[in-house]
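Asker: Sharing a structure below in structure tokens format, with a few things to ask.
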Amino acid sequence: MRVLLYIAMFLLPEIVFGQAGIAALTDSTWSNLPSNERFHSAIQPAVRQAYNWIKTDSSSKGKSRRFSIGLIPEAFASYDTSFNYRAAIGFTAEYEGEKWYNRTSFASGWSTRERSNQTHPAYLPTHQHAGYLYNDIRTRFGYTPNEMLHVSFGIDNQFFGEGYRSLIQGDQVAPNPFAQMRVNFWRLEYGLMYQFLNELDSTDRIWKFNASHYLSWNATKNWNISFYETVLFQPSDGTYKRGFEVEYLNPIVFFRPQEYSVGSSDNVLLAFHSSYKIRQHKVYFQLSLDEFFLQEIRNRTKWWANKYGAQLGVKGHFKRFNYRVEGNVVRPYTYSHINYGQNVGNVGQPMGHTLGSNFAELIAMVDFNIKKFHVKTYAVFQLKGFDDTSDSLNLSWGGNIYSNYLNRPKEYGNTIGQGITQRFLQVGGELSYTIEALRLQTYLQAGINYSWGEMATRFDPMLCIGFRTTLFVPRRLF
């Protein structure tokens, strides 16, 4: 009977009206996260459960292993300027032992158009075309031999930060092959990760690697300070085939001096994150540094190569309400480089914020429960600068991380929103009901999307009725 209900719901499409769909909403709830000096909540996903790392009941250690499997139904249909749909079916399997953990999912389907809130598969043939058959593959193996060490590998997303967005690495990008080690002791956690990324330009597929490490310090039970460093590099520089740069395998080296020592033009990104918890509320801050020259910042010249982004937010809950208010700004040309193989992106999407660069954003969210129903409301304002697609010179104004920054129109006076300036306002809400027996959630979304600026002014009402699986909850502890 349950299988028949899955099939029936899979055949029922979502109905959406409006030029742009409503972005996927994730829960603001965080009060159920562990609150101790060894838990580092800015590093997601947290995959320590296999050794009783985040459980408070020590008697649960050594209990029997757990295995579960379920279906993933998905269907989507929309109409704005044309009719589009997306439909897929797959499965998810999860195993949790005392020291080993694995979660695997596979979904296959057909999509006629990409959307900004569409989960991108691990290997996407191309972008922006009439339709394609896609396979969404994700798997994560975790091994935790003791309370200090955790090793994981597979094909999955990562997320760094406390925000709804991340300026370091978000989970909207395509899942990618990775290997990761995390060492946790006292109030410190050190992490080292290697990722295998790829791009597809107009002529060929481009491969690139990403090596990252971080140090997270819980200075007190309520205050966290984290530092990140990542370097993206190609396995070949021109005609020189160098493969994986062994210099970056050193787990304690700083990547920027190492980059200079190997004489490469690799792209190094530095980041800082901090959060402070005040009772049931948490204030968080994130700063990403792609490249900058302090003297140019002091002189306020707005030099093009001062490439950085900042995030400031607060989230929490009171009574039955959860809330989040967050602001993000990213300077022009941040995360971009000379070519696809050196920018901070994967399979055509920025690895940081989904808008890439050259933007400012303000997000406000509130969610709460009414009996068995869950209500979410949100408002999002965005200021974004785009390139002029009609320009025969292909000038880059810093908003597209896949544009060559050597084609910039000026050295100084670069400001956020430059180029073709457009503003977006999105207001809406969602009413959802979870069918626990099927692990499915039915929902109704409604809202408006208003945009104005140097492009055409648009006002689009939006309505969406549909269902989704609850087997994969974004950024959940597992």
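Asker: Please indicate, with yes or no, whether at least one residue in region 161-180 is of a type in the set (Gly, Ala, Ser), part of a loop (DSSP other than H, G, I, E, B), farther than 26 Å from ARG324 by Cβ and out of contact with any Ser or Thr (no Cβ under 9 Å at 6 or more places or on another chain).
Answerer: no
Asker: For the subset of region 421-451 comprising residues that are at pLDDT 85 or above and aromatic (Phe, Trp, Tyr), which member is nearest to GLU296 (Cα to Cα)?
Answerer: Within region 421-451, the match that is nearest to GLU296 (Cα to Cα) is PHE424.
Asker: Kindly provide the set of residues from region 261-311 that are in a strand (DSSP E or B), farther than 20 Å from LYS410 by Cα and of a type in the set (D, E, K, R), ordered by number.
Answerer: Scanning region 261-311 gives LYS277, LYS282.
Asker: Scan region 452-466 for residues that are of a type in the set (Ser, Thr, Tyr) and modelled with pLDDT under 90 and report the count. Give the steps one after another, and end with the answer.
Answerer: Pass one, region 452-466, residues of a type in the set (Ser, Thr, Tyr): 457.
Within this subset, residues satisfying the condition of being modelled with pLDDT under 90 are none.
Of the residues in that region, 0 qualify.
Asker: Out of everything in region 283-302 that is at pLDDT 90 or above and surrounded by 21 or more Cβ atoms within 10 Å (Cβ to Cβ), what residue ends up being nearest to ASN36 (Cα to Cα)?
Answerer: The selected residue is TYR284.
Asker: Same structure again: Looking for whichever is modelled with pLDDT under 90 and not hydroxyl-bearing (Ser, Thr, Tyr) here; the options are GLN311, GLN418, GLN349. Which one fits?
Answerer: When all the criteria are applied, what remains is GLN349.
Asker: Is one or more of the residues making up region 124-144 buried (at least 16 other Cβ atoms within 10 Å of the Cβ), at pLDDT below 75, over 30 Å from LYS282 (Cα atoms) and of a type outside the set (Ser, Thr, Tyr)?
Answerer: yes
Asker: Pairs only if they're at least six apart or on different chains, beta carbon under 6 angstrom, first in region 376-392 and under 30 Å from THR442 (Cα atoms), second modelled with pLDDT under 85 and surrounded by 18 or more Cβ atoms within 10 Å (Cβ to Cβ); list them, first residue then second.
Answerer: If the second residue must be modelled with pLDDT under 85 and surrounded by 18 or more Cβ atoms within 10 Å (Cβ to Cβ), the pairs left are LYS376/LEU25.
Asker: Of the numbered conditions (1) surrounded by fewer than 21 Cβ atoms within 10 Å (Cβ to Cβ); (2) in contact with a Ser or Thr (Cβ under 9 Å, 6 or more places away or on another chain); (3) of a type in the set (Phe, Trp, Tyr), PHE318 fails exactly one; give the number of that condition.
Answerer: So the condition that PHE318 fails would be (2).
One line per residue, one yes/no per condition, for (1) among the charged types (D, E, K, R); (2) under 22 Å from ILE206 (Cα atoms); (3) in contact with an Asp or Glu (Cβ under 7 Å, 6 or more places away or on another chain); (4) not in a loop (DSSP other than H, G, I, E, B):
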| site | (1), (2), (3), (4) |
| --- | --- |
| THR354 | no, yes, no, no |
| GLU361 | yes, no, no, yes |
| VAL366 | no, no, no, yes |
| HIS374 | no, no, yes, yes |
| ASP388 | yes, no, no, no |
| SER396 | no, yes, yes, no |
| SER403 | no, yes, yes, no |
| TYR412 | no, no, no, no |
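Asker: For the structure I just gave you, tell me whether LYS208 is of a type in the set (D, E, K, R), over 14 Å from LEU149 (Cα atoms) and surrounded by 20 or more Cβ atoms within 10 Å (Cβ to Cβ).
Answerer: Spelling it out, LYS208 is indeed of a type in the set (D, E, K, R), over 14 Å from LEU149 (Cα atoms) and surrounded by 20 or more Cβ atoms within 10 Å (Cβ to Cβ).
Asker: May I ask you to say which residue of GLY154, GLY142 is touching a residue at least 12 places away in the same chain (Cβ under 8 Å), part of a strand (DSSP E or B) and at positive phi?
Answerer: GLY154
Asker: Restricting to region 312-339, name every residue that is in a loop (DSSP other than H, G, I, E, B) and closer than 16 Å to THR415 by Cβ. Outline the logic, then answer.
Answerer: Step one: list which residues in region 312-339 are in a loop (DSSP other than H, G, I, E, B), which gives 319-320, 331-339.
Scanning region 312-339 gives ARG331, PRO332, TYR333, THR334.
Asker: On to the next question. Which one is surrounded by the fewest Cβ atoms within 10 Å (Cβ to Cβ) among residues in region 414-444 that are part of a strand (DSSP E or B) and small (Gly, Ala, Ser)?
Answerer: Taking the candidates together, the pick is GLY429.
The values are calculated or read from the model by the stated rules, or taken from the named source; none is laboratory data. Everything quoted here is computed from the prediction, not taken from an experiment. No Cβ is skipped: glycine too gets one built from the backbone with ideal geometry, and neighbour counts run over all protein chains shown.
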